[in-house]
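Structure first, commentary second.
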Amino acid sequence: MDQANTDVIQGTMDMLILKTLSLQPMHGYGIARRIEQISRGVFKVNPGSLLTALQRLERAGWLDAQWKQTENSRRAKVYSLTRAGRKQLRTEADDWTRRVSAVARLLDAEA
Amino acid sequence: MNLWRQATYGLRSLFNREAANLDAQDEVSHYLAQSAAAHEAQGLSPEEAQRAARLELGGPTNAAEQIRGYGWENVVKHIAGDVRYAVRHFARTPLTTVTIVLTLTLGIGAVASMFSVIDGVFNRPAPGVPDDRSLVRIRGIRVEQAGPRLRTMAWPEVTEYAALTARFAAVAAWTSRSVITASRDGAVEEANVQFVSPNFFATFGITLVTGPGFVRKGFKDLAEPELTAVVSQSFAARRFGGALNAVGKEVKLNGIAVRVVGVAPRAFNGPIQSYDARELWLPLSSYPLVMSSIGQSFASRDSSMFMVLARLQPGVAHETATAAANVVASSVDADFRSADRLPMRSDVVPLRGTMDLGGIDGESLALSAMAGVIALLILAVCTTTVSSLLLGAAVARRQEIGVRLALGASRARIIRQLLTENTILAISGAAFGLLIFGWVVRLLATQLIHVDVAPNWTTAGFTVSFAMVTALICGLSPALHATRAGVADVLKDGTRGATSRSRLQRTFVVAQIALTQPLLIALAMAISVTLHGFGPRPGSSIGDSVVLADFESDIRESQPAQTHDPIPGVMRRIASLPGVVRVLPQRTGYGGTLHLTPVGPVPGGVFKVLTVPVPVDYFRTLDVPVARGREFTAADLSAGALGRVILASDDATRLFGPVSPIGQRLHSLSPAGQRVAELEVVGVVSSGQVSDNEELPEVFVPYTAERIDVVLIRTTEPAAPLLSALRAVIQAEAPKLPIVKMETLDQADRARRKVVLQASGLAAAAGMVALFMASIGLYAVVAIAVGQRRREIGVRVAVGATPRQVVGMFFNSGLRLSLIGLLIGLPLSAAALRILDVEFEIQWMTVPAIALAVGAVVVAVASLATWLPARRAAGVDPLIALRAE
């Protein structure tokens, strides 16, 4: 059975989360859905990795988290980007662009 | 900010585990709910939507665990788990645990204390001296045939050093004497005094605790006699009840009144470290009066009596200063020519670390080397014991480790566990060891005030970290060993491979015994050297009714013409007292050595003997019966060319065989073999009651008592209650005659024994500790071997071995180890003896006896340590042992 690889590219999960949250604060599931939507289903986020990554980014000081009460009396953790997170996103994005363009140049040269 | 966040988050989840768990669970369940809702919106039934959501997430508990698994607090949690496990393990094996901790405690405590003393002597300023970096000692050296020797210097030479101002910022001189002074309760006592150049304290940079100090303070302010003194704190406390009371008071030294003008800092003991307490410092200008040497000036070229300390100018190296000092020394050499003139030199050495032990290359170095070697040996014995115990414990836990491996623990996980245990052991050993260290140091600080042994945390830290690192390394190797074997192997048969592991442990034990032995031999030698010459005194059965009165003689000696000797009068007065049987002059110590050869019927060889001068009536006074012949009489004192001798019975037999020795003649010979004099034997006393020298036979000769220092008083009743009355009588008869000491023979013996016991007690304790540790190691080896080989023992017993054979098997192997250790230790012991020989003059005759005794003790203790666990082998029931596997 041939199935397209939907794993998030290794090492880019942090950047994707930060980018998603730079638009607006949201909770874990929201982040996963948004990544899938924007990537048009190319990436499917593994919930376990996502939640662990959120924990890590929060600890690193790039995300702020707030508990909100939802309508069906559950608690939801809503994440937002901090200033440090914004800076980190810029760094990672720049880095990514630089590397992607390098890969693209290499592939062009091949062709 | 970032670190802070990490820390607070970690702490919060560490201390509020419930809340952290709840947070993780809530986040996961919210995610699930959202995900399920989305699936439902796509048309799945609620149940199906739930299932799909769970499938995506991979189980809510798992996901929550994953979230919680992030962060440093988890490491803490794991370590805490390891520690809990370790503590449970320790509780299960209390004996091993306590032994390991005790061993570490003893080792760390002993070594830290020892290093602290060495450090106090060599790496820190002398007590009471604030800054000694630029302080040096200018040592006078005379080059003799046997090698260079230290010499004292005359005042003119000292002034020449003081003139070298380009090299020395200040030069001070001192000379040590002892004087007589009255204690607070009127008793006469001796005190150690240093006569110093007036700039002495300024050169040291010492600020007196109280008082203005000497009136004149210049190096050369010596024109008029200044009768002042700076006293030590202990002297001020003893005599005046405190430093503050002392200043302005008067003390009489050799009968001369001296005013106290200052108190030295606590523990200050003069320029050179010494075990004698220096108590007073007087300006040099008072020397002629106090020491009654008016005729002879200290400043003359002939009175060479000074030692010199100096402060170097900034930037001057010791070598440069030595070169300059040598120029002075050689000029002194040139204009101070005497008959036995030998080349003179000088050198400049740091003042720190010089001790009052003489010797040009510092016997102090040998002493410190010995102490250091002993300390390292103790440390080595201690660490080998610990590692052999740890190894034993790890081997015994192979089963447990196998089970954990089988349950999926990684090898790293188990090694971490074992290392955690070792760290706990090392930390607690170090903690208790430091406790002991602090205690010993406090004890030393009160008992040994002349060396600065403040708690030295650098030393202690070094020792502790050394012990910890060693414990960890020792623990690592058994941990690696124990986890190396495959799971199946371990579980299948606990005994296979045990031999290779216990071989390492056997090596440890052999090393330990090898290390223990030189330690014990060195200690036994030290004890025997200290004890030497402390045999029973002649007539000790009446020791309580014989009083020795010791009179100070220096003063009388220095002015023989001016004073008449009061002692004969004192002796007559004492003899007239009721209860006093006899009063005799007594010479302390031996007269000298003689070479004797018998004349007449028995052609004997040449005998080397010690002469012991004894007064008339000596043996009668001490209740020693004269077996044959007679005692000396007054007539023997003026016997002219024919000397009279009394022999001990053994020596009489050796010299003359069965012939009666009375009236026989002896020739005394010069070392070259020429006859010097003829002697006649007049009496024989029983050997058992007189001889207290094992090396040479003793020959008694008449004591003519030209100058009497010591008087022997025989009383009818026990004399101890009479001492104060006797003292009063003597002081009434001769008020100016200082009594140095007055005690019964028994009291003197007790005092000496006490000192010797104190000194040797410490040494013996160290040796016992070492032996104890080695036996623990041996015990562990045998006990573990018995435990490991239960199955084998079971088989042996089942096929007919008797319990005695089984026990013998283990006993022999343990004993073999200790014998190998003894053998390997021999060269080490020889090295230890060589070091000891530098410090004490070893009597090599006693070495084999001591070596044998130490060997016997080691073998006996080793046998016991082997036999106790070996006995357990006999208790193995073959049925149980074979079934258990």
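All of the numbers you see were taken from the coordinates with simple rules; none came from a lab. Only a predicted model underlies this, so the values are computations on that prediction, with no experimental measurement involved. Don't worry about glycine lacking a Cβ; one is built from the backbone with ideal geometry, like all the others, and counts go over all protein chains shown.
Within segment B:155-220, report the trypsin sites (Lys or Arg not before Pro) that DSSP leaves as loop and that have at most 14 other Cβ atoms within 10 Å. Numbers along the way, then the final one.
Values: sites: B:R167, B:R177, B:R184, B:R216, B:K217, B:K220; in loops: B:R167, B:R184, B:R216, B:K217, B:K220.
When the trypsin sites (Lys or Arg not before Pro) of segment B:155-220 are filtered for loop state and at most 14 Cβ neighbours within 10 Å, B:R184, B:K220 remain.
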**Message:** A 25 angstrom limit on the alpha carbon distance is what I want to check against. Which of A:K87/B:K77; A:K19/A:K77; B:K608/B:K741; A:K44/B:K77 exceed it?
**Reply:** A:K87/B:K77; B:K608/B:K741; A:K44/B:K77
**Request:** Report, in debye and to the nearest 20, how large the dipole of segment A:1-68 comes out about its Cα centre when Lys and Arg carry +1 and Asp and Glu carry -1 on their Cβ.
**Result:** 180 debye
**Complete:** The size of the Cβ-based charge dipole (Lys, Arg +1; Asp, Glu -1) of segment B:2-71 about the Cα centre, to the nearest 20 debye, is 360 debye
**Request:** With a/c under 1.5 counting as rounded, go ahead and sort segment B:53-134 into rounded, prolate or oblate using the C-alpha gyration tensor (a ≥ b ≥ c being the square roots of the eigenvalues; past the cut-off, prolate if a/b is larger than b/c, else oblate).
**Result:** oblate
**Item:** Proximal charge balance of B:A38 [Cβ under 11 Å; K/R count +1, D/E count -1]
**Value:** -2
**Complete:** Quick note, segment B:158-292: a/c under 1.5 would make it rounded; otherwise a/b > b/c is prolate and the rest oblate (a ≥ b ≥ c, C-alpha gyration tensor); here it is prolate
**Prompt:** Hey, rough spin-label estimate for B:V581 and B:R84, points 7 angstrom out along Cα→Cβ, what's it come to in nanometres?
**Reply:** 8.2 nm
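Using the Cβ atoms and a cut-off under 14 Å, what net charge is assigned to the surroundings of B:L407, where Lys and Arg are +1 and Asp and Glu are -1? Walk me through the numbers before you get to the answer.
Numbers: positive: B:R404, B:R411, B:R413; negative: B:E400.
Summing Lys and Arg as +1 and Asp and Glu as -1 gives +2.
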**Request:** Scan segment B:617-687 for chymotrypsin sites (Phe, Trp or Tyr not before Pro) in coil per DSSP, keeping those whose Cβ has at most 15 other Cβ atoms within 10 Å, and list them by number.
**Result:** none
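What is the local net charge at B:V308, summed over the other residues whose Cβ is closer than 11 Å to its Cβ (Lys, Arg +1; Asp, Glu -1)?
With Lys, Arg at +1 and Asp, Glu at -1, the neighbours total 0.
With a/c under 1.5 counting as rounded, go ahead and sort segment A:1-99 into rounded, prolate or oblate using the C-alpha gyration tensor (a ≥ b ≥ c being the square roots of the eigenvalues; past the cut-off, prolate if a/b is larger than b/c, else oblate).
It is oblate, given that a/c is not under 1.5 and a/b is not larger than b/c.
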**Prompt:** If you count, for every residue in B:64-74, the Cβ atoms of partner chains within 10 Å of its Cβ, what is the mean?
**Reply:** 3
**Asked** Hey, got the dipole for segment A:13-110? About the Cα centre, +1 on K and R Cβ, -1 on D and E Cβ, debye to the nearest 20?
**Response** 320 debye
**Message:** Residue by residue through B:24-32, how many Cβ atoms from other chains fall within 10 Å of the Cβ on average?
**Reply:** 6
**Prompt:** Taking the Cα centre of segment B:1-73 as the origin and placing charges on Cβ (Lys, Arg +1; Asp, Glu -1), which of B:G69, B:Q6, B:G59 is farthest toward the positive end of the dipole?
**Reply:** B:Q6
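Could you list A:Y79, B:Y31 so that the one with the fewest beta carbons within 10 Å of its beta carbon is first and the one with the most is last?
Least crowded to most crowded, the residues run A:Y79, B:Y31.
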**Phi-based couplings in Hz for segment B:44-51 (Karplus 6.51, -1.76, 1.60; Gly and Pro marked x)** = 7, 6, x, 5, 5, 4, 4, 4
